[in-house]
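Since the structure comes first, as structure tokens, the remarks are kept for the end.
Computed from the coordinates by the stated procedures, all read-outs in this text should not be read as laboratory data. Not measured: the values here are computed from a predicted model. For neighbour counting, all protein chains shown are included, and Cβ atoms are generated from backbone atoms with ideal geometry for every residue, glycine included.
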Amino acid sequence: MIHPHIADALKVPDLVRLTDGLVLIRFESMKIYSALAAVRRLLERGTVRPGQTLVDSSSGIYAYALALACHRYGMRCHIVASTTVDATTRAQLEVLGATVEQVRPSRNLKLDQELRVRRVREILADRPDCHWMRQYHDDVHYLGYHEVADRITAAFPGRPLALVGGVGSGASTGGIVERLRATDPSVRLVGVQPFGSVTFGSQDHHDPEAIIAGIGSSIVFDNVRHDLYDALHWIDFTHAMAGAVALLREHAVFAGLSTGAGYLAAMHEARRHPDRLHLVIGADTGHRYVERVFARHAEALNPAVLKPVEISGAGELAMPWSTMAWRRTPCPAEWKERAA
């Protein structure tokens, strides 16, 4: 197939069998699916017009995806970038034509996200012609992942499935499983969270080592549909690092921290549910984690000896790794009130 634009080629994931019960959905950059479909639908609706400026905040993956989508569809792009966006990503964004401003370094995830959202609102007040993509809140970002689900269905017809991935904005895991369950309601969804994320109640637990970009949040995301998830895993930096290094060492897959965390969770889930094929989302490559993760590979823990604490409620959360049966429960009302 000859693709009309590089974004159409980069978005397609590879399915890589890691074990008999575990397959990696390996993306070059996962959110390209989301951004392409969202921009296309907004243009079709007339919500935005060609040449208009699209703005959003990002910790890196979505920024790159939106810049590619804008390049693909003739839009302008403005990114309010997290402190986690590295120089390599920023340079690509700028060459692609995006304007980028990076918020000042922050003590934690909450302050970083609050600064970015505040800045986006300031931009919209000054430039009302800009359109805020609202990747965390507009369900238009679910659409692109339906294509991923169709690819999975075609590859594994009739297999009992479980999907494992970082929760983040909710759109990737939610969009894929929503489509899969249209034909098989039994598909399990296992979400992965970092400690410190408000989404599933771990905001009082501080991981001193790092922010695992893209899979947690300090603010409520409307795109997270809690009642889609069957189980949750909370994983700290050291365990995510162990998973990422093991994935490279054992399977030659160079992927980011969220993939490492998902790999660790998926191995545990596959042992507990050997009747299912577990699909773990590999959202991006490991390039932005070279210094902080892969250069320290000698420090990485051995995943074979790691296991989570089984808990029955968020009040029992314990670092470095906890897991809980969520059973497709809606978000507790008190969580929303406390976050507000």
>> Through the Karplus equation 6.51 cos²θ - 1.76 cosθ + 1.60, θ set to phi - 60°, convert the phi angles of the range 99-104 into ³J(HN,Hα) values in whole Hz; use x for Gly and Pro.
In response: 9, 10, 10, 10, 5, 5
> Of the peptides 25-34, 275-284, 304-313, 133-142, how do they stack up when ordered by the mean number of other Cβ atoms within 10 Å, highest first?
Replying inline: 25-34, 275-284, 133-142, 304-313
>> Given an 8 Å cut-off on Cα distances and at least 6 residues of separation, report the relative contact order of the chain as a percent.
In response: 17
> For the chain, which cysteines have no disulfide-compatible partner, meaning no other cysteine Cβ under 4.7 Å?
Replying inline: Cys130, Cys331
>> Taking amide H atoms as placed 1.01 Å from N in the peptide plane, list the residues 5 or more away in sequence, or in a different chain, whose amide H sits under 5 Å from that of Gln52.
In response: Arg76
> Which length gain, in nm to one decimal place, applies between Asp204 and Leu43 when the Cα-Cα distance is subtracted from 0.36 nm times their residue separation?
Replying inline: 53.9 nm
> To the nearest 20 debye, what charge dipole does the range 29-95 have about its Cα centre, counting +1 at the Cβ of each Lys and Arg and -1 at the Cβ of each Asp and Glu?
Replying inline: 280
>> Given Cβ point charges of +1 (Lys, Arg) and -1 (Asp, Glu) and nothing else, what value in debye, to the nearest 20, does the dipole of the range 118-220 about its Cα centre take?
In response: 160
> Under unit Cβ charges (Lys, Arg +1; Asp, Glu -1), what dipole magnitude, rounded to 20 debye, does the chain have relative to its Cα centre?
Replying inline: 420
> For Leu42, what is the net charge nearby, where nearby means another residue's Cβ is under 12 Å from its Cβ and Lys, Arg count +1, Asp, Glu -1?
Replying inline: +3
>> Which residue, Ser218, Ala300, Ala283, has the largest displacement toward the positive end of the dipole of the chain when charges sit on each Cβ (Lys, Arg +1; Asp, Glu -1)?
In response: Ala283
>> Using the Karplus curve 6.51 cos²θ - 1.76 cosθ + 1.60 with θ = phi - 60°, what ³J(HN,Hα) values do you get for each residue of the range 187-193, in whole Hz, with x for Gly and Pro?
In response: 4, 8, 10, 10, x, 10, 10
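Based on the Cβ-Cβ distance from Ala318 to Ala87, what FRET efficiency comes out when R0 is 30 Å, to the nearest 0.05?
Plugging the Cβ-Cβ distance into 1/(1 + (r/R0)^6) gives 0.25.
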> Translational D (Stokes-Einstein, µm²/s) of the chain at 20 °C and 1.002 mPa s when Rh comes from the Kirkwood sum over C-alpha pairs?
Replying inline: 107
>> Can you work out the Karplus-derived ³J(HN,Hα) for every residue in the range 228-233? Use 6.51 cos²θ - 1.76 cosθ + 1.60 with θ = phi - 60°, whole Hz, and x for glycine or proline.
In response: 8, 8, 8, 8, 10, 10
> So what is the 222 nm mean residue ellipticity for the chain from helices alone, if each DSSP H run of at least 4 adds -39500 (n - 2.57) and you divide by all residues, rounding to the nearest 500 deg cm²/dmol?
Replying inline: -10500 deg cm²/dmol
> So how do 7-18, 223-234 stack up, highest first, on mean other-Cβ count within 10 Å?
Replying inline: 223-234, 7-18
> Taking neighbour counts of Cβ atoms within 10 Å as a proxy for exposure, in what order, fewest first, do Met267, Met319 appear?
Replying inline: Met319, Met267
> Using the 10 angstrom Cβ neighbour count as an exposure proxy, how do Glu178, Glu269, Glu114 rank, fewest first?
Replying inline: Glu114, Glu178, Glu269
> What's the extension gain from Thr183 to Lys307 if we count 0.36 nm per residue and subtract their Cα-Cα distance?
Replying inline: 41.3 nm
